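One structure below.
The values are calculated or read from the model by the stated rules, or taken from the named source; none is laboratory data. In this text, all values refer to a predicted model and were calculated from it rather than measured experimentally. Cβ: placed from backbone, ideal geometry, glycine included. Neighbour counts: every protein chain shown. Ligands, DNA and RNA are excluded from the accessible area calculation, which covers all protein heavy atoms including side chains. Shrake-Rupley method; radii C 1.70, N 1.55, O 1.52, S 1.80 Å.
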6 protein chains.
Amino acid sequence: MRVAEACFEDYEIGSARVTTGRTITEADIVIHAGQTGDLFPHHMDAEWCATQPFGRRVAHGTLVMSIAVGMTAGDINPRATSYGYDRVRFVRPVFIGDTITVHAEVTGKSDNRRRPEELGQVEETVTATNQDGTVVLSLVHLYVVEKRREAPPQA
Amino acid sequence: MRVAEACFEDYEIGSARVTTGRTITEADIVIHAGQTGDLFPHHMDAEWCATQPFGRRVAHGTLVMSIAVGMTAGDINPRATSYGYDRVRFVRPVFIGDTITVHAEVTGKSDNRRRPEELGQVEETVTATNQDGTVVLSLVHLYVVEKRREAPPQA
Amino acid sequence: MRVAEACFEDYEIGSARVTTGRTITEADIVIHAGQTGDLFPHHMDAEWCATQPFGRRVAHGTLVMSIAVGMTAGDINPRATSYGYDRVRFVRPVFIGDTITVHAEVTGKSDNRRRPEELGQVEETVTATNQDGTVVLSLVHLYVVEKRREAPPQA
Amino acid sequence: MRVAEACFEDYEIGSARVTTGRTITEADIVIHAGQTGDLFPHHMDAEWCATQPFGRRVAHGTLVMSIAVGMTAGDINPRATSYGYDRVRFVRPVFIGDTITVHAEVTGKSDNRRRPEELGQVEETVTATNQDGTVVLSLVHLYVVEKRREAPPQA
Amino acid sequence: MRVAEACFEDYEIGSARVTTGRTITEADIVIHAGQTGDLFPHHMDAEWCATQPFGRRVAHGTLVMSIAVGMTAGDINPRATSYGYDRVRFVRPVFIGDTITVHAEVTGKSDNRRRPEELGQVEETVTATNQDGTVVLSLVHLYVVEKRREAPPQA
Amino acid sequence: MRVAEACFEDYEIGSARVTTGRTITEADIVIHAGQTGDLFPHHMDAEWCATQPFGRRVAHGTLVMSIAVGMTAGDINPRATSYGYDRVRFVRPVFIGDTITVHAEVTGKSDNRRRPEELGQVEETVTATNQDGTVVLSLVHLYVVEKRREAPPQA
C-alpha cells in the first residue's frame with residue numbers, strides 16, 4: 001500500500017494491471033455469511049448443494065466482488081474517489097478452493113457533468129478469472145478524479 | 001430464512017419490503033478490511049481521517065453493499081437466481097455507529113432474451129438509508145426467475 | 001428476518017417448524033474456540049483426536065447449541081422474550097463437515113407464576129439432527145410471552 | 001490449559017473456583033451474530049434498542065453462556081465428559097462493556113444410572129456476575145466422570 | 001487461566017513445561033492474513049504455491065509465533081512482565097493441517113541492569129515442534145520479574 | 001501488493017520506507033485473543049485494567065508485532081525470504097484507539113555463512129510509533145536474499 005498521486009490526465013485508456021492470485025476458502029464463505037447475515041443453503045449447506053446442479057457450496061456474489069475489488073486496492077490515489085459500480089455480473093460460480101486473479105483496465109474517461117473543468121470520471125473494468133482461465137466476475141468500477149490544476153498564464 | 005417459491009408472474013412492480021435496522025460497527029470494518037485486504041487509511045486510520053473533510057473512518061463501499069444486500073436475503077426462492085447488480089452508487093459515506101435500514105422494491109420486469117418463454121428478468125431496487133433518513137446506497141439487484149409452466153392444453 | 005407478532009394464545013402445542021441445513025466447518029470451530037477461549041485439544045488438535053475413540057476433532061457443545069438456536073431465529077416476535085433453556089443434551093458428537101438441520105416444536109404452555117393474567121410461558125423443544133438423521137442435540141427453549149389484552153367488558 | 005486427572009471420588013460438593021474477568025465487547029456480539037446467524041435488532045440495531053426499555057444493544061444469551069462456560073475451561077480432565085446443561089437462566093441482560101466473572105461450584109454428585117459401578121455424574125453450578133455484582137446467568141453444567149478403578153482384592 | 005505468583009527467585013533454570021497440541025488450520029491463516037494485511041500469495045494462493053518448492057500454502061511467521069507464544073500463556077504471574085523476544089527463527093515452514101506442540105524452558109536469569117536489587121530478567125526458550133517432531137520455530141521470550149522483598153532486618 | 005525483484009546488491013543501508021497509519025481497535029484485540037488463546041485480563045478485562053498502573057486494556061505484544069510487520073508487507077520480492085527477528089522490544093504499551101505508523105530501514109548487510117557466493121543476509125529495522133510520536137515497538141527483521149548471478153566470463 002503506497003500513496004501514488006495521479007490526476008485525471010494521467011489515466012490512459014488501455015492501461016492495465018494484473019493482481020497475484022487468491023484462493024477462496026471455506027473460511028472466507030463462513031466469515032462473509034456471518035458479516036452479511038446471508039446464510040442461504042447455497043453457501044452453507046454442503047449436503048443440499050450436493051443435490052443441486054452445481055454440486056458444491058458457492059461463494060456469495062458479494063464475497064467474490066468484495067475480494068476482487070479489494071485485490072485491486074494497491075496504491076492510494078488521493079486525487080481519486082470511488083463512487084460506484086456498473087454492470088456487475090456474476091458470470092460463473094466460484095467454489096471453495098478456486099483461485100481468482102484480477103485484471104483491471106482503464107476503459108473509459110469523461111468529464112464530470114457538474115464540474116467539467118475540475119473533475120473527470122474514470123471507468124476501470126475489473127475482471128476476475130479462476131484457475132482455469134474462466135471469467136467469473138466482471139464489473140465497471142467508477143471513480144471521480146481531480147484534473148490537474150494548471151498554473152495561471154503569466155502576463 | 002424460509003423457502004418461498006415465487007415464479008416470474010408472482011413478482012409485481014411496486015411491491016416492496018423494508019428490513020429492520022443494523023448498526024455498522026468498528027468490528028464490521030475491521031473484519032471486512034481483513035476479508036478484502038483493503039486496509040486503506042480511509043477505513044483504518046482514525047488519526048488521518050480526522051484531518052480529512054469527512055473527519056472519521058468510513059465504511060468500505062463493498063461492506064455497505066454486502067451488508068445491505070445481505071439484509072434483503074430473507075426468503076429463499078428456488079425459482080430465482082441472482083446474477084448481478086446495476087448502477088451501484090455510494091451516495092453518502094457510512095460511518096461507524098450509523099444504523100442502516102434497507103428498502104427493496106420490484107422496479108422492473110422483462111423477458112429473458114435467450115429463453116423468453118421460460119425465463120424472465122426481475123429488477124429489485126435496493127436503497128439503504130441511515131438513521132437520519134439519508135440515502136447512503138442505491139443499486140439495482142438483477143434476478144433471473146423461472147416462468148410458471150402451464151399445463152399443456154388438452155385435446 | 002421479519003416481525004411477526006404472536007401472543008401466548010397464538011402458540012399451539014404441536015406446531016412445528018424445520019430449518020434448512022447448515023454444515024459445521026473447521027472455521028466455525030476455530031472462531032468459536034477464539035470467542036470462548038476453549039482451545040481444548042478435543043476441538044483443536046487433530047493429531048491427538050486421531051488417537052481417541054471419536055477419531056476426529058469435535059465441535060464444542062456451546063457451538064452446536066449456539067448455531068442450532070440461531071437457526072431457529074427466524075421471525076421476531078415482539079411479544080416474546082427468551083429467558084433460558086432446560087435439559088440441554090449433547091446426544092452425539094458433531095464433527096467437521098457434518099450438516100445439521102433443526103426441528104423446533106411447541107411442547108409446553110403454562111401461566112406465568114407471578115403475573116398469570118398477563119404472561120404465559122412457552123416451551124419449544126429444539127432438536128438438531130445430522131445428515132444421517134441422528135439426533136445430536138436436544139434442548140427446551142423457554143419463552144415468556146404476553147397474553148392478549150382483551151377489551152374491557154362494556155356496561 | 002493443563003491436564004489434571006480427577007476421578008469421580010475427587011470431586012467434593014462445595015469445592016469452587018472463580019475466574020478472572022472478561023469484558024463483553026461490541027466485537028463479541030458482531031462475531032457471535034455472524035456465527036449463529038441471529039442478527040436480531042436486539043443485538044444489532046443501536047437505534048431501535050435506544051427506544052426500548054433496556055435502551056442499549058444486548059448480548060445474545062448463547063454468547064454470554066458460551067463465554068461463561070468457556071471461562072471455566074481451565075484444566076483438562078481426561079476422566080470427565082461434558083454432556084449437557086440444566087436450568088440455564090438469563091437472569092439479567094448483559095450489555096456492551098459489561099465485565100463478567102464466573103463462579104463454578106460442585107453442587108451435586110450421583111451414580112450414573114446405567115453403569116453405577118464405573119461412572120458418576122457431577123453437577124457444577126456456573127454463575128456469571130457483572131461488574132456490579134449482579135448475577136446475569138446461571139446454569140448447571142453436567143459431567144460424566146469415571147470412578148476410580150480399585151485394585152482387585154488379593155487372595 | 002489462573003493467577004500464580006512467582007518471584008524472580010522462584011524461577012529455576014531448566015524448569016520446563018509442554019503444551020497440548022494445536023492444529024494450524026486454513027481458517028487461522030485467513031484470519032491472520034486479515035488481521036495483518038499480509039495477503040502474500042505464499043499464504044493465500046494455493047495455485048501459485050503448487051508451483052513452488054514447498055508446494056503448499058505456508059503459515060505466516062507471525063501467525064506461528066503468535067499461536068506458539070499464546071499456547072504458553074497459562075498462568076498469570078502478577079510479578080512478571082513480558083517485554084520482548086530474542087532470536088526468533090522460523091526453522092521450518094508450517095503448513096495447513098500441521099499440529100504444533102510447544103516446549104518452554106527457563107534458560108537464563110540475570111539481574112536487571114537499572115534496578116538490580118528489585119528486578120531480575122528471566123529468559124524462557126520457546127520451541128514449537130510439528131507432528132513429525134521437527135522444530136519449526138524457536139525464540140527466547142524475555143520477562144522482567146520482581147525480586148522477593150525481604151523483611152527489613154530487625155534491630 | 002506487487003512483485004518487485006531485488007537482489008542482495010540492490011539493498012542499500014539507510015534506504016527506508018514509511019507506512020500509512022493504522023488504528024488498533026478493540027476488535028483487533030478480541031480477534032487476536034481468539035486466535036492465540038491468550039485471554040489474559042491485561043487484554044480482556046476493562047474493569048481490572050482500570051485498577052492497574054496503565055489504566056486500560058493493552059494490546060498483545062504479538063498483535064502489535066504482527067500488525068507492524070504486516071504493514072511493511074508491500075512488495076513481494078521473489079529473491080528474498082524472511083527467516084526471523086532479532087531484538088523484538090515492546091517499548092511502550094499500545095492501547096485501544098492508538099494509531100501506529102511503521103518505519104522500516106535497511107540497517108545491515110552481510111554474506112550468508114554457508115553459501116556466501118550465492119546468498120546474503122539483510123537486516124531491516126522496523127520501528128512502530130504511535131500518534132504521539134512515541135516508539136512502541138522495535139525489532140530487526142531478518143531476510144536471506146539471493147545475490148545477482150553474473151554472466152559467466154566468456155572465453
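Assess whether residue B:73 counts as being under 21 Å from residue B:17 (Cβ atoms), open to solvent by less than 50 Å² (accessible area, probe 1.4 Å) and touching an Asp or Glu at 6+ places or on another chain (Cβ under 6 Å).
On the way: under 21 Å from residue B:17 (Cβ atoms): yes; open to solvent by less than 50 Å² (accessible area, probe 1.4 Å): yes; touching an Asp or Glu at 6+ places or on another chain (Cβ under 6 Å): yes.
Yes, satisfied.
Do we have residue E:28 as at the interface with another protein chain (Cβ under 9 Å from one of its Cβ atoms), acidic (Asp, Glu) and either open to solvent by 30 Å² or more (accessible area, probe 1.4 Å) or in a loop (DSSP other than H, G, I, E, B) (or both) here?
Numbers: at the interface with another protein chain (Cβ under 9 Å from one of its Cβ atoms): yes; acidic (Asp, Glu): yes; either open to solvent by 30 Å² or more (accessible area, probe 1.4 Å) or in a loop (DSSP other than H, G, I, E, B) (or both): no.
So residue E:28 fails the test.
Is it the case that some residue within the stretch C:5-24 is within 11 Å of another protein chain (Cβ to nearest Cβ), surrounded by 14 or more Cβ atoms within 10 Å (Cβ to Cβ), assigned to a loop (DSSP other than H, G, I, E, B) and of a type in the set (S, T, N, Q)?
yes
Name the single residue, out of those in the stretch A:31-40 being of a type in the set (A, V, I, L, M) and part of a helix (DSSP H, G or I), that is surrounded by the most Cβ atoms within 10 Å (Cβ to Cβ). Outline the logic, then answer.
At the first step, the residues of the stretch A:31-40 found to be of a type in the set (A, V, I, L, M) are A:31, A:33, A:39.
Restricting the remaining residues to those that are part of a helix (DSSP H, G or I) gives A:31, A:33.
Details: A:31: 25, A:33: 22.
Checked the stretch A:31-40; the qualifying residue surrounded by the most Cβ atoms within 10 Å (Cβ to Cβ) is A:31.
If residue B:43 passes every condition in (1) within 17 Å of residue E:33 (Cβ to Cβ); (2) open to solvent by 10 Å² or more (accessible area, probe 1.4 Å); (3) facing another protein chain (nearest Cβ under 7 Å); (4) not β-branched (Val, Ile, Thr) but one, which one does it miss?
(3)
What are the residues in the stretch F:81-100 that are more than 14 Å from chain E (Cβ to nearest Cβ) and within 12 Å of the chain's Cα centre (by Cα), if any? Outline the logic, then answer.
First, pick out the residues of the stretch F:81-100 that are more than 14 Å from chain E (Cβ to nearest Cβ): F:95-99.
Of everything in the stretch F:81-100, nothing turns out to be more than 14 Å from chain E (Cβ to nearest Cβ) and within 12 Å of the chain's Cα centre (by Cα).
When residue E:50 is evaluated against the numbered criteria (1) over 17 Å from residue E:24 (Cβ atoms); (2) buried (at least 22 other Cβ atoms within 10 Å of the Cβ); (3) of a type in the set (A, V, I, L, M), which criterion, by number, is the only one it fails?
Tallying (1) over 17 Å from residue E:24 (Cβ atoms); (2) buried (at least 22 other Cβ atoms within 10 Å of the Cβ); (3) of a type in the set (A, V, I, L, M), residue E:50 fails exactly one: (2).
Restricting to the stretch C:81-106, name every residue that is of a type in the set (A, V, I, L, M, F, W, C) and either crowded, with 21+ Cβ neighbours inside 10 Å or closer than 22 Å to residue C:55 by Cβ (or both). Give the steps one after another, and end with the answer.
The initial filter retains those residues of the stretch C:81-106 that are of a type in the set (A, V, I, L, M, F, W, C), namely C:88, C:90-91, C:94-96, C:100, C:102, C:104, C:106.
Result: C:88, C:90, C:91, C:94, C:95, C:96, C:100, C:102, C:104.
Would you kindly identify the strands (runs of 3 or more DSSP E) lying entirely within the stretch E:46-155 that contain at least 3 residues that are at negative phi and hydroxyl-bearing (Ser, Thr, Tyr)? Spell out the reasoning first.
Values: elements: E:80-90, E:99-111, E:119-129, E:135-146.
The qualifying strands (runs of 3 or more DSSP E) are E:80-90, E:99-111, E:119-129.
In contact (Cβ under 8 Å) with a residue 40 or more places away in the chain and over 20 Å from residue C:33 (Cα atoms) - does that describe any residue in the stretch C:57-72?
Yes, the conditions are met somewhere in the stretch C:57-72.
Checking residue E:78 against (1) more than 14 Å from chain B (Cβ to nearest Cβ); (2) open to solvent by less than 50 Å² (accessible area, probe 1.4 Å); (3) of a type outside the set (A, V, I, L, M): exactly one of these is not met. Which one?
Result: residue E:78 fails condition (2) only.
Hey, does the stretch F:50-60 have a residue that's at the interface with another protein chain (Cβ under 7 Å from one of its Cβ atoms), modelled with pLDDT of 95 or more and touching a strand residue (DSSP E or B) at 6+ places or on another chain (Cβ under 9 Å)? Even if it seems obvious, please write down each step before you answer.
From the stretch F:50-60, those at the interface with another protein chain (Cβ under 7 Å from one of its Cβ atoms) are none; that's our starting set.
No; the residues of the stretch F:50-60 include none that is at the interface with another protein chain (Cβ under 7 Å from one of its Cβ atoms), modelled with pLDDT of 95 or more and touching a strand residue (DSSP E or B) at 6+ places or on another chain (Cβ under 9 Å).
Please pick out the residue among E:95, E:90, E:54 that is touching a Leu at 6+ places or on another chain (Cβ under 7 Å) and of a type in the set (Phe, Trp, Tyr).
On the way: E:95 fails: touching a Leu at 6+ places or on another chain (Cβ under 7 Å); E:54 fails: touching a Leu at 6+ places or on another chain (Cβ under 7 Å).
The match here is E:90.
Given (1) out of contact with any helix residue (DSSP H, G or I) (no Cβ under 9 Å at 6 or more places or on another chain); (2) within 13 Å of chain A (Cβ to nearest Cβ), identify the lone condition not met by residue B:69.
(1)
In the stretch B:24-43, what count of residues is obtained for those that are touching a residue at least 60 places away in the same chain (Cβ under 8 Å) and in contact with a His (Cβ under 7 Å, 6 or more places away or on another chain)?
Within the stretch B:24-43, the first condition is being touching a residue at least 60 places away in the same chain (Cβ under 8 Å), and the residues that meet it are B:24-26, B:29.
Adding the requirement that they be in contact with a His (Cβ under 7 Å, 6 or more places away or on another chain) leaves B:29.
Qualifying residue count for the region: 1.
Residue by residue, here is whether (1) of a type in the set (D, E, K, R); (2) closer than 21 Å to residue B:14 by Cβ; (3) touching a helix residue (DSSP H, G or I) at 6+ places or on another chain (Cβ under 6 Å) holds:
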| site | (1), (2), (3) |
| --- | --- |
| B:61 | no, no, no |
| B:98 | yes, no, no |
| B:106 | no, yes, no |
| B:118 | yes, no, no |
| B:145 | no, yes, yes |
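Going by the conditions given, is residue D:1 in contact (Cβ under 8 Å) with a residue 60 or more places away in the chain, touching a helix residue (DSSP H, G or I) at 6+ places or on another chain (Cβ under 9 Å), open to solvent by 60 Å² or more (accessible area, probe 1.4 Å) and closer than 22 Å to residue D:128 by Cα?
Values: in contact (Cβ under 8 Å) with a residue 60 or more places away in the chain: yes; touching a helix residue (DSSP H, G or I) at 6+ places or on another chain (Cβ under 9 Å): yes; open to solvent by 60 Å² or more (accessible area, probe 1.4 Å): yes; closer than 22 Å to residue D:128 by Cα: yes.
Criteria met by residue D:1.
Please determine, by comparing only the residues of the stretch C:101-121 that are over 12 Å from the mean Cα position of the chain (by Cα) and closer than 30 Å to residue D:144 by Cα, which one is nearest to the other protein chains (Cβ to nearest Cβ). Working first, answer last.
At the first step, the residues of the stretch C:101-121 found to be over 12 Å from the mean Cα position of the chain (by Cα) are C:106-121.
Then drop every residue that is not closer than 30 Å to residue D:144 by Cα, which leaves C:106-108.
Details: C:106: 18, C:107: 17, C:108: 15 Å.
Among those residues, the one meeting the criterion is C:108.
Scan the stretch A:122-139 residue by residue and report those that are surrounded by fewer than 17 Cβ atoms within 10 Å (Cβ to Cβ) and either charged (D, E, K, R) or closer than 23 Å to residue B:140 by Cα (or both). It would help to see each step written out before you state the result.
Residues of the stretch A:122-139 surrounded by fewer than 17 Cβ atoms within 10 Å (Cβ to Cβ): A:132-135.
Answer for the stretch A:122-139, where residues must be surrounded by fewer than 17 Cβ atoms within 10 Å (Cβ to Cβ) and either charged (D, E, K, R) or closer than 23 Å to residue B:140 by Cα (or both): A:132, A:135.
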